[in-house]
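Have a look at the structure below before the remarks.
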Amino acid sequence: MQRWTVAYDAGRPEGGQCAHLDQAEVESSGPRPPGCAQRLAAGQRWVHLRTCLTCGNTGCCDSSRGKHAWSHAESTGHAVARSAETGEEWAWCYEDHVFLRPAAPGARGSGASLRPGRGDAPGRGEAGGTSGPAS
């Protein structure tokens, strides 16, 4: 099972902690989900997808109408979700407002802040994700 740790966040020099790393129980690799279930049911598009690391639910990001990943976190208390976009290896804690990255092999995901490194958090204007069902 993939372990996660708090990523260095240059926007918050004081660092951050995540009290929800123990919620990240769902295997984080595997096939990409087909999309946000609520958006698919309505025949609508999304911007990016996030997958809950507690139960595996996939919803659309905060830039999408509906913000279903955030709504899921708020209604269930499942605070940690990872990007479901191809090539992206990061997660977000909706409650503690910190980025997470995969922990080094053998690490226990203590929640300690890490020093900057390549790929710690998504870039602004991330691109390359699927934005909805094929027309």
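The values are calculated or read from the model by the stated rules, or taken from the named source; none is laboratory data. Note that this is a predicted model, so its numbers are computed, not measured. When we count neighbours, we look across all protein chains shown, and the Cβ atoms used for this are built from the backbone with ideal geometry, even at glycine.
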Contact list please: Cβ distance under 9 Å, first residue in the range 94-111 and modelled with pLDDT of 60 or more, second residue of a type in the set (Phe, Trp, Tyr) and in a loop (DSSP other than H, G, I, E, B), pairs at least six apart or on different chains.
99/8; 99/90; 100/90; 101/8; 101/90; 102/90
Residues that are over 14 Å from residue 97 (Cα atoms) and either among the acidic types (Asp, Glu) or modelled with pLDDT of 90 or more (or both): which strands (runs of 3 or more DSSP E) entirely in the range 1-81 hold 3 or more of them?
49-52, 58-60
Checked the range 35-57 for anything without any contact (Cβ under 8 Å) to a residue 60 or more places away in the chain, touching a Gly at 6+ places or on another chain (Cβ under 7 Å) and crowded, with 22+ Cβ neighbours inside 10 Å; matches are 36, 50
